[in-house]
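Bear in mind that the values in this text are calculations on the coordinates, not laboratory data. Remember, it's a predicted structure, so these values are computed and weren't measured experimentally. Using ideal geometry, Cβ is built from the backbone for each residue, glycine included, and neighbour counts are taken over all protein chains shown.
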Amino acid sequence: MRAADVMTTKVITVTPDASVQDVAALLANNGISGVPVVDTAGQLVGVVSEGDLLHRTETGTARRVERKRPRWFDTFSGDRDLARDYVKSHSRTVRDIMTPDVITVSETTELDAIANLLETKRIKRVPVVRDGTVVGIVSRSNLVRALVAAKPPAETGTDSDDRTIRGLILAELQGQEWASRVWAADIIVRDKIVHIWCSDDRSDDERRALRVVAENTSGVRGVEEHIVAVPLSTGF
């Protein structure tokens, strides 16, 4: 399986000029832990996460500076670190607190490569980029859901068939008002079996509608529902 098979496609982004307060509200209100930062042309220029908001003067969590006698060989690096910490805790805009060097993958990146990236780089999610533009996000939870949908190699479905089916389902859902709360990450297709993740606060009618969409999609051999508790927070 590849990134395109499991990625979240409804990606929330911010601009470098967004305020720190607005980003904090965005993360809190959407239950996410980070967002990509894009310029006016939609090109990825960074990422900002909860970690960038931990040490702030507004909450009294800015890093405390311990005064100590400096050694001649670390004076300059120490000054740079202090200056960087000051910007992180006092700046009012995203451009000053974001991480500019972002690890990315493409839509065709295999899941094993993504899993290795998340593990070795110790990150929770990775943006999926096409020509510099963010088209999706793959998080650790996306990979866990892909594992649930995985079947033994003996099954007859192919990745291309599964990708086509998933694309048809997502296209149908995009035109439905009742499906506004359905994310691409909620739909995974493996060996022509559609796996649908529904939160336990979703109505029975919405769940039935999701199943009908899947059952009416050409090529689908079966539908499996997975009911999960509403999370307190999720990755972007």
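Observations, loosely collected:
- Of residues in the range 159-191 being polar (S, T, N, Q) and not in a helix (DSSP H, G or I), the one farthest from Arg221 (Cα to Cα): Ser180
- Taking first residues from the range 197-214 that are of a type in the set (Phe, Trp, Tyr) and partners that are part of a helix (DSSP H, G or I), the Cβ contacts under 8 Å between residues at least 6 apart in sequence or on separate chains come to Trp197/Arg145; Trp197/Ala185; Trp197/Asp186.
- Hey, Val135 in a strand (DSSP E or B), free of Cβ contacts under 8 Å to residues at least 24 places away in the same chain, out of contact with any Pro (no Cβ under 7 Å at 6 or more places or on another chain) and surrounded by 13 or more Cβ atoms within 10 Å (Cβ to Cβ) or not: no
- First in the range 19-38 and crowded, with 17+ Cβ neighbours inside 10 Å, second anywhere and in a helix (DSSP H, G or I) and of a type in the set (D, E, K, R), Cβ under 7 Å, 6 or more apart: Leu27/Glu50; Gly34/Glu50
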